[in-house]
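The values are calculated or read from the model by the stated rules, or taken from the named source; none is laboratory data. Values in this document were obtained by computation on a predicted structure and should not be read as measured data. Methodologically, a virtual Cβ is constructed for each residue, glycine included, from the backbone with ideal geometry; neighbour enumeration extends over all protein chains shown.
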Amino acid sequence: MTGYGKSESQLGGRKLICEIRSLNSKSMDISVRLASQLRAHELDLRTLVTQRLERGKVDLAIYFQEETGGTAPTAINWSAAEIYAQQYSEHFGKPVPAEIMAAILRFPDVCKPQEDLSDISDDEWPVVQTALNRAIDAFIAFRTQEGAALQAMFNEKLDGIADLLAQVEPFEKGRVAKIKERLEQSLAQLSAETQAQIDRNRLEQEMIYYLEKLDITEEKVRLTNHIKYFRETMDGKGSGVGKKLGFIAQEMGREINTLGSKSNQSEMQIIVVKMKDILEQIKEQVLNVL
């Protein structure tokens, strides 16, 4: 949801500049800084931004800028000038020379740019609206460009998880046989009397139940489906895509965690850790999606 947009227009002999910046946010949060002539239209400007931008921490600034080379009209604060002149005369005991008076008139609190504080007219308001819409267009174009880069990154990360999931299969095939062999070796170490008392049918049932608990077929299928659904959601249109991707990423995390809890081989656990690392990178960037 990060982005930037800017537009410039001519209005009343001055340059009107509109700037929009945005950071990530779960809702719409607008901060507005306006030229004094536009304060009466703040609600209209907020409404226009809210209608076109879904959410984000938005900073909107609209201000006037004098043309390069032009001189802004100034207003003299004569009361302040008289105070400075009086203090000079009292201190030095003589009238203020012309060069000193010229310097006083250049003091910041004496000579100030004179702003046109009158509100913009009804004829000028459409110019402001057009300028703001152009800034929003540039902002959306920025977001679209960033979105395309994010989609490419997501697809790359999803491919990485899918490749790691495929690497689990060779370890999975021999895992059941190794578990069964290890259990049988443990039984063989029991005394002959204890072995004679073992119900072989019950033992087989318990082994089957134990091995089924370690089976990861369902987790693999669900994780594969989540990856597919994540890609399909990215290609979808409309609002709320980012939230959906966040929910899908959470479900992917659950399946990967279950894979880790069922992994009883170091090689499989290493693969699971790599999956988690990639998924965390996806979750961080999902926050940038609307």
> Among all residue pairs at least 6 apart or on different chains, which show Cβ distances below 7 Å where the first residue, located in segment 1-20, is under 16 Å from GLN145 (Cα atoms) and the second is of a type in the set (S, T, N, Q) and in a strand (DSSP E or B)?
Replying inline: MET1/SER22; THR2/SER22; GLY3/SER22
>> Here are the criteria: (1) surrounded by 14 or more Cβ atoms within 10 Å (Cβ to Cβ); (2) more than 17 Å from GLU218 (Cα to Cα); (3) small (Gly, Ala, Ser). Tell me which single one SER263 does not satisfy.
In response: (2)
> Is segment 155-165 home to any residue that is at pLDDT 90 or above, β-branched (Val, Ile, Thr) and surrounded by 14 or more Cβ atoms within 10 Å (Cβ to Cβ)?
Replying inline: yes
> Counting only residues that are under 26 Å from ASP123 (Cα atoms) and of a type in the set (Asp, Glu), which one in segment 16-48 is surrounded by the most Cβ atoms within 10 Å (Cβ to Cβ)?
Replying inline: GLU19
> If you check ILE17 against the conditions, is it in contact with a Cys (Cβ under 7 Å, 6 or more places away or on another chain), of a type in the set (Val, Ile, Thr), at pLDDT 90 or above and within 13 Å of ILE136 (Cα to Cα)?
Replying inline: no
> Across segment 209-226, which residue is modelled with the highest pLDDT among those that are exposed (fewer than 15 other Cβ atoms within 10 Å of the Cβ) and polar (S, T, N, Q)?
Replying inline: ASN225
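Just need a number here: residues in segment 33-61 that are of a type in the set (Val, Ile, Thr) and either over 19 Å from THR2 (Cα atoms) or in contact with a helix residue (DSSP H, G or I) (Cβ under 6 Å, 6 or more places away or on another chain) (or both). Before the answer, list the steps.
The initial filter retains those residues of segment 33-61 that are of a type in the set (Val, Ile, Thr), namely 47, 49-50, 58.
Still in the list and also either over 19 Å from THR2 (Cα atoms) or in contact with a helix residue (DSSP H, G or I) (Cβ under 6 Å, 6 or more places away or on another chain) (or both): 47.
Qualifying residue count for the region: 1.
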> Does GLN185 meet the test of being of a type outside the set (D, E, K, R), more than 30 Å from GLY147 (Cα to Cα), at pLDDT 70 or above and outside any loop (DSSP other than H, G, I, E, B)?
Replying inline: yes
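This table checks each residue for (1) among the small types (Gly, Ala, Ser); (2) closer than 30 Å to ASN288 by Cα; (3) surrounded by fewer than 14 Cβ atoms within 10 Å (Cβ to Cβ).
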| position | (1), (2), (3) |
| --- | --- |
| TRP125 | no, no, no |
| VAL128 | no, yes, no |
| ALA131 | yes, yes, no |
| ALA135 | yes, yes, no |
| ILE140 | no, yes, no |
| GLY147 | yes, yes, no |
| GLU172 | no, no, no |
| ILE179 | no, no, no |
| ARG182 | no, no, yes |
> Out of all the residues in segment 245-268, is one or more within 23 Å of SER22 (Cα to Cα) and touching a helix residue (DSSP H, G or I) at 6+ places or on another chain (Cβ under 9 Å)?
Replying inline: yes
